[in-house]
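Each value in this text was obtained by applying a stated rule to the coordinates, not by laboratory testing. Note that the structure is a prediction, hence the values are computed from the model and not measured. Because the Cβ atoms are built from the backbone with ideal geometry, glycine has one as well, and the counts that use them run over all protein chains shown.
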Amino acid sequence: ALKKDFIEVINAIIPADKSLKPCSMSFAFIQYYKDRGWLREDIHHDREPPWDFYLLQCRQGMFRETEWYLYKQQKPLAEIQVDGVPLFKLYGALK
C-alpha cells in the first residue's frame, strides 16, 4: 500500500506544477490521495507527456515497456519496500 509517509516523501521531492505519471496503476489512484489532502494539489497527474516524474507500483504482471525500462534501467529517487520487496518507486523524467 502507498502509505502516508511515502506520500510525504513524494511531496517533498516533486516541485510545484510538475507532472506525475502513475505506472501500473490507475490515474484514479493518484486522485484518491489528492482528494484526501495527502498528495499536493500542484502535482499534476492529468497532463500529457512528457512527464516530469513517474510513480511506479511494482506489480510486474502489469508492466509494459516503460515500466520495465524504469524498473530495470533507471535509479529511483525514492522507494518503499517491505521485507526487501519493492512496493512503489518514484523516478524522475525518462533519460
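The table below gives the values:
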item: Given (1) more than 16 Å from Leu77 (Cα to Cα); (2) in contact with a helix residue (DSSP H, G or I) (Cβ under 7 Å, 6 or more places away or on another chain); (3) in contact (Cβ under 8 Å) with a residue 24 or more places away in the chain, index of the condition Glu41 fails; result: (3)
item: Residues that are outside any helix (DSSP H, G or I) and touching a Phe, Trp or Tyr at 6+ places or on another chain (Cβ under 9 Å), drawn from the stretch 52-71; result: Phe53, Tyr54, Leu55, Leu56, Gln57, Cys58, Phe63
item: Subset of the stretch 47-59 (residues that are over 23 Å from Ala12 (Cβ atoms) and either among the aliphatic types (A, V, I, L, M) or within 15 Å of the chain's Cα centre (by Cα) (or both)); result: Pro49, Arg59
item: Residue in the stretch 12-29 that is under 17 Å from Gly92 (Cβ atoms), out of contact with any helix residue (DSSP H, G or I) (no Cβ under 6 Å at 6 or more places or on another chain) and part of a helix (DSSP H, G or I) present; result: yes
item: Selection from the stretch 14-26 of residues that are surrounded by fewer than 14 Cβ atoms within 10 Å (Cβ to Cβ) and farther than 12 Å from Gln57 by Cα; result: Pro15, Ala16, Asp17
